[in-house]
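**Q** Structure incoming, see below.
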Amino acid sequence: MGTAQETGPRTDIGTPPGEQVPGARLDRIRKLLAKAERAGTPDEAEIYTDKAFALMARHGIDEALLSAAPGAGPARADPIGRSRIPVDNPYSGAKARLLGWTASALRCRWVMHDQRGGSVAAVTVFGFASDRERVELLYTSLLLQATAALAAVRPPDPDESVTAYRRSWIYGFAGRVHERLCEAERSALGETEAETGRAVASTELVLADRGAEVDRAYDAEFGRLRRARRPQVSGSGFRHGAAAADRADLGGPRLDRRAGAPGIGA
């Protein structure tokens, strides 16, 4: 059954519109995320994460501009499509939100697929190919980072359920990741203007047009699905999970909490 969505120093100088975005950038992002996964301390992981988030955001904007450029040609084709990504237990509902809220921050829509017993079997990410690639790459690393951190956490109250605490921890982690990614996307807009001379408003228009295309295609395919209910968080781990997400490797500059937490129907 499908359920509609809820809703550092510079390391890359960017690629001017009209030039091909180098594949080396994605390789660099993968290496940064891998270093974060193996980091010996939270502070070390945070450094790698910040760099990766910044590169990830800039890559998404460059891909959008290149695909929208006149005469881009088949080589720059960036079709709208879907990627179905399995979600495993335990805590499949919380993991699905980590994936879905990451997708939302990277300009994709998403659908949860429930299975019997109330757990989530998979999430379909719907959007442009370049954005879906970013989502899958980042989610794979974030899940590894969250799983490693989760193995060591325990509720401060010995009478509290470990299961409830860890589930709420993942929700806190997912919500803060969404905030940081949204801020990285906004920062990348400013960098695009500074390095290419392109006005932020014109870049935002390209991104808005792409978002509208995704929305129309999503509504045509999934518009009749019921809305998912906002998750009920019963454990006390939300705040600790959010703090862990501040140390997770996303690849952007230090981010604040100006971005809103994701909600139903976003």
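**Q** Out of the total accessible area of segment 133-179 (probe 1.4 Å, heavy atoms of protein only), what percent is carbon and sulfur?
**A** 56 percent
**Q** Starting from the Cα of Ala243, step 7 Å along the direction of its Cβ; do the same at Ala152; then give the gap between the two resulting points in nm.
**A** Those two pseudo-labels are separated by 1.3 nm.
**Q** About the Cα centre of segment 91-240, how large is the charge dipole given +1 on each Lys and Arg Cβ and -1 on each Asp and Glu Cβ? Please answer in debye to the nearest 20.
**A** With Lys and Arg at +1 and Asp and Glu at -1, about 680 debye.
**Q** To the nearest whole percent, what portion of all C-alpha pairs in segment 76-127 is separated by more than 18 angstrom? Please report the intermediate quantities before stating the final value.
**A** On the way: 394 of 1326 pairs.
Percentage above 18 Å: 30.
**Q** Hey, another quick one. Straight-line reach from Lys35: which aspartates and glutamates have Cα under 19 Å away, leaving out those fewer than 8 places along the same chain?
**A** By straight Cα distance, Lys35 reaches Asp12, Asp27, Asp43, Glu44, Glu46, Asp50, Glu136, Asp246, Asp249.
The values are calculated or read from the model by the stated rules, or taken from the named source; none is laboratory data. Predicted model, so just to flag it, every value in this text is computed and none were measured. Neighbour counts run over all protein chains shown; Cβ positions are idealised from the backbone, glycine included. All accessible areas refer to the heavy atoms of the entire protein, side chains included, with ligands and DNA or RNA removed. Shrake-Rupley method; radii C 1.70, N 1.55, O 1.52, S 1.80 Å.
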